[in-house]
Structures are given as structure tokens and as C-alpha cells.
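Engineer: Here's a structure for you.
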Amino acid sequence: MFGRRSFIFGSATTAVLGLASGVEASDQITVVTTTGMIADAARQVGGDVITVQVLMGPGVDPHTYRQTRSDIVALTRADLVLWHGLYLEAQMEVLMADLARKRPVVAVAEALPRDVLLGHDDYADKFDPHVWMVPTLWADVVAEVCRALTEVAPQHADHFAARAAAHTAELNRLAAYATAQLLAVPEPARVLVTAHDAFGYFGAAYGFEVIGIQGISTESEVGLSRVRSLVELLVDRGIDAVFVESSVSDRNIRALIEGAAAKGHEVAIGGELFSDAMGPEGSYESTYIGMIDHNVTVIAAALGVAVPPRGLNGLLGLGSWHDHGIGQHRQHSPPLWCHW
Ligand SMILES: [Zn+2]
């Protein structure tokens, strides 16, 4: 979104270096990623020497996504494939293992140290994959993206390292904002009820109790008894805000609200959160920083904090979760770290 292809200087550099190392002069490094979050990390680190194609667009659920025929074509032509791993792309595991025998394929979240990963009751021998919810964890993923790019294109090592460092500084700024806003939520109100269990790391980092109607993956169906017991919980604890997710149907959340209403307890939708996919293409919320800024700001606001208008960078869609407009933020200047 920051016009990364328009930097002629960068392209010329690529061409010269490309020739020097025997690569076709016109060739950029083609990176294919599964999720939008990983695509953003690749763009932040790679800048204009790479071309990024993302398989899962806004609103797409990675737990249930199956590759299309054109995805397979893109994957088999890529110079580098970046996927999340930790069983997030459950339907693509076999394909990725197969692909990894032929080309560079890196599961970027698998690089996180095991002691920072959380388990989950649903997954006896697996970790919770939703590590992007906490910017300091995501910084480790960005470092892994940098490592993977450097391995594929060592001639750009300095370029990648400088951009990764600059992006990490932005992630740290986001982390500080998130901590400040979320710790301002009064302790009894720190309960996050969402469609599925995507916020485990978020809860652990910011002291929230997290309740997902579905488990850690959206692959399972929700039973009536689960909805009933959650309705009881909302009523008993006086929880009056629940959150919907952009990549998961809101059917179960609406069943909760209706169930609570039948018992005389009014529950509102606190907002729509980006859990497993980012915002509309071209919007601030389609970047990782915009996505997390949105989530933090919406949650804190719904739970009683006087948040800054339009979030950390003043770029969030007009405070309304259903009309963050496509292309609304195109006119803003690139961040300072785009220093060409
Ligand atoms: Zn999920």
C-alpha cells in the first residue's frame, strides 16, 4: 500500500545486483504467503526488491482454507514460500511438506521459542497458532521472515536487516500503545468473549480472560449446550459486550446475544475484531500494525477506556467497525522508515 513498486532507484539496484549474481536482470524475488499478516511482514522487510502474493485475502479463515488450482501454480513458481505453521493452515500441511522438498518453504511461526508458545485443550500435542495477536511475539516472526529472505537473496542482506530493524521499532511502539490502552481497562471488565479462541496470547499478555465460543480452530461445530453455558456465564458475570470476528461467521455470537436477552440481560456487540485475517485491501487495517491497532483500540473503547481518536497513528476508520473504508487512507504519507 505504500507504493513499493514505484521506487525506480530500488528496482535499478536489484537489476545491477541481479546481473552480478547471475539472476535474470528483470527478476524480483517472488514471495508467496498464506496469510495477510505474513505478507505484510514480507513487504515490510523486503520492500521493493520482492513481489508478494498472498493466498488468503481479507475475511478468509486460515483454519479451513484449501488451496485453489491457481494457488498451487503460484506456490510452485515462487522463489520463497512463507506460511505460518503451528497447524494454522490445517488443510495445507500435506501440500507444504510436499512443496518443501522442491523449493524454499519456511513456516515462520515455527521459529518462535517453545517456551513462549501456549497450548490448548483442543490440541493435545499442538500449540496455539495465534501468535500475531501480540506485537512482541510477532517481532520474532518478522525476524524469521528476514532470515528466510536473506537466505534466498543474500545480496540484499543489508537492505532486509535495515528494514526489519525499522519495522521492529514500529512493532515496539505498537506494543507500548497496546499495553497502555489495555491496562487502562478496569480489571473486572477484562473479559473478551469472541467467536473462536484466537485471543489466547492476547489474554496472557494483557491480563484478559478470553472466552471463545468455538475452540482454537473454526473447524469444529458448536453445540447447543456450549451456547447455553456461555449465556449463563454472560448473565451471571454481568458481561455486557461480546466481539465478532471478520473471518468467522457471527451466527454463534448472535445466538449468545439472543440467549442472554431471553434471560433479561442485554449484551452488545463491542465491535468487529480482526482475528485471523486483516482488513480490506488498501486500508490501514490491511497492514499488521493497523490490524492490531484496530483490535486494541476497539476492545479498550468497548470496555470503557477513553482511547485516542483513530488509534495509535490516527489512521483507523472513523471509529465505526463496519465502515472502515477501502482506500480511505491512501493519501497518507508513508511512515518515516520508508526512507528512500
Ligand atoms: Zn483462529
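None of the figures in this text is laboratory data; all of them are computed from the coordinates on show. What you are looking at is a predicted structure, and each value in this text was computed from that prediction instead of being measured. Neighbour counts are summed over all protein chains in view; Cβ atoms, including those assigned to glycine, are modelled from backbone coordinates with ideal geometry.
Engineer: Based on the alpha carbon coordinates of segment 161-243, what radius of gyration and maximum Cα-Cα distance (Dmax) apply, in Å?
Structural biologist: Just the Cα atoms of segment 161-243 yield Rg and Dmax of 16.4, 52 Å.
Engineer: Same structure again: Determine the equivalent ellipsoid of segment 4-178 by diagonalising the alpha-carbon gyration tensor, then write out the semi-axes as square roots of 5 times the eigenvalues, largest first, rounded to whole Å.
Structural biologist: 27, 20, 13
Engineer: Dividing the alpha-carbon Rg of the chain by 2.2 N^0.38 Å yields what?
Structural biologist: Rounded to two decimals, the normalised Rg is 1.02.
Engineer: Highest mean first, how do 209-218, 67-76 rank when packing is the count of other Cβ atoms within 10 Å averaged over residues? Please report the intermediate quantities before stating the final value.
Structural biologist: Details: 209-218: 20.0, 67-76: 13.4.
Order by mean packing, descending: 209-218, 67-76.
Engineer: Would you mind telling me the antiparallel percentage of the DSSP bridges in the chain, rounded to 5?
Structural biologist: Of all bridge pairs located within the chain, approximately 10 percent are antiparallel.
Engineer: List the relative contact order of the chain as a percent without decimals, with contacts defined as Cα pairs under 8 Å and 6+ residues apart.
Structural biologist: Here the relative contact order equals 16 percent.
Engineer: Ok, one more. Out of every Cα pair in segment 185-302, what percent are spaced more than 26 Å from each other?
Structural biologist: Percent of Cα pairs beyond 26 Å in segment 185-302: 16.
Engineer: Hey, what's the Cα Rg ratio for segment 55-142 versus the globular rule of thumb, 2.2 N^0.38 Å?
Structural biologist: 1.12
Engineer: While we're looking at this one, here's another question. Sorting check: for 104-116, 257-269, which peptide has the highest mean count of neighbouring beta carbons within 10 Å, and how do the rest follow? Numbers along the way, then the final one.
Structural biologist: On the way: 104-116: 16.8, 257-269: 14.0.
Highest mean packing first, the order is 104-116, 257-269.
Engineer: Wrap a convex hull around the Cα atoms of segment 44-90, take a quarter of its surface area, and give that in square nanometres.
Structural biologist: Result: 4.1 nm².
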